[in-house]
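*Asks:* Before we start, here is the structure in question, set down as structure tokens.
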Amino acid sequence: MLILKLLILVTVANGTPVIIKKLLDQDLDLALDGGLNFFDGRRLFGPSKTVRGVVSAVVATTLCAMLMDFEWFIGIVIGSVSMAGDLFSSFIKRRLKMPPSSMALGLDQVPESLFPLLVVQPMLTLTVMDITAVVVIFSVGGLLISRILYKLNIRDRPY
């Protein structure tokens, strides 16, 4: 049951920005990096990483955590660190000269699911198998769900 709850929280953290983007389009769409470039001349994260996305992910994950009888701070930690993992992926992809919203198998799934689980591991006494199960299910499930969301016109790309 714990694995399922964690899987839901990580999915909420990563799915909320996609849904909010679809609902609000470009309203309140402020780039998290403020348009700043890294010393290599490329954007720090890119235009698809927004303040709105990060804030909505943390709020939604916190509310979801409380509904599942976790302490509120577990939701904040999972939402925040999941978004940090997503930003880490975007930062690396910009350094690899990959365009914004392009797919990098593994890099797009693992940090945003693994990082928050490593942080909450001592709080929830997660085992290596718990963490591995959530990361694998999230990674595979995310690829499948992404295609469904694309067909439903919620995502802009099928990945």
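*Asks:* Just name the residue that is surrounded by the most Cβ atoms within 10 Å (Cβ to Cβ) out of those in the stretch 1-44 that are among the small types (Gly, Ala, Ser) and out of contact with any Gly (no Cβ under 6 Å at 6 or more places or on another chain).
*Replies:* Looking at residues that are among the small types (Gly, Ala, Ser) and out of contact with any Gly (no Cβ under 6 Å at 6 or more places or on another chain), I get GLY15.
*Asks:* Let me ask something else about it. Taking the stretch 26-76 as the region of interest, how many residues are part of a loop (DSSP other than H, G, I, E, B) and not polar (S, T, N, Q)?
*Replies:* 23
Let's see how each residue does on (1) in contact (Cβ under 8 Å) with a residue 60 or more places away in the chain; (2) closer than 20 Å to LEU63 by Cα; (3) not charged (D, E, K, R):
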| position | (1), (2), (3) |
| --- | --- |
| LYS97 | no, no, no |
| MET123 | no, yes, yes |
| ASP130 | yes, no, no |
| VAL136 | no, no, yes |
| LEU149 | yes, no, yes |
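*Asks:* Output the residues belonging to the stretch 86-132 that are basic (Lys, Arg) and surrounded by 13 or more Cβ atoms within 10 Å (Cβ to Cβ).
*Replies:* Once the filter is applied, which keeps residues that are basic (Lys, Arg) and surrounded by 13 or more Cβ atoms within 10 Å (Cβ to Cβ), the stretch 86-132 yields LYS93, ARG94.
*Asks:* Starting from the stretch 45-69, keep only residues that are on the phi > 0 side of the Ramachandran plot, then list their pairs with residues that are not in a loop (DSSP other than H, G, I, E, B) whose Cβ atoms are within a distance under 7 Å, requiring at least 6 positions of separation or different chains.
*Replies:* GLY46/SER90; GLY46/ARG94
*Asks:* Taking the stated definitions as given, is ILE92 in a helix (DSSP H, G or I) and either of a type outside the set (A, V, I, L, M) or out of contact with any Leu (no Cβ under 9 Å at 6 or more places or on another chain) (or both)?
*Replies:* Taking the combined requirement at face value, the residue does not satisfy it.
*Asks:* For SER82, indicate whether it is touching a Leu at 6+ places or on another chain (Cβ under 6 Å), under 20 Å from VAL136 (Cα atoms) and among the hydroxyl-bearing types (Ser, Thr, Tyr).
*Replies:* Spelling it out, it is not the case that SER82 is touching a Leu at 6+ places or on another chain (Cβ under 6 Å), under 20 Å from VAL136 (Cα atoms) and among the hydroxyl-bearing types (Ser, Thr, Tyr).
*Asks:* Kindly indicate whether LYS151 is among the basic types (Lys, Arg) and surrounded by 15 or more Cβ atoms within 10 Å (Cβ to Cβ).
*Replies:* Taking the combined requirement at face value, the residue does not satisfy it.
*Asks:* Name, by its number, the condition in (1) closer than 14 Å to THR11 by Cα; (2) more than 13 Å from the chain's Cα centre (by Cα) that does not hold for LEU117.
*Replies:* Here LEU117 meets the rest and fails (2).
*Asks:* Another question, if that's okay. Name the residue that is nearest to VAL12 (Cα to Cα), counting only residues in the stretch 120-159 that are of a type outside the set (Val, Ile, Thr), modelled with pLDDT under 95 and assigned to a loop (DSSP other than H, G, I, E, B).
*Replies:* ARG155
*Asks:* Sort out which residues of the stretch 133-148 are over 16 Å from the mean Cα position of the chain (by Cα) and either surrounded by 14 or more Cβ atoms within 10 Å (Cβ to Cβ) or of a type in the set (Lys, Arg) (or both), and write them in order of number.
*Replies:* ALA133, ARG147
The values are calculated or read from the model by the stated rules, or taken from the named source; none is laboratory data. Note that the structure is predicted; figures quoted are calculated from it, not measured. Note that each Cβ is placed from the backbone with ideal geometry, even for glycine, and that neighbours are counted across all protein chains shown.
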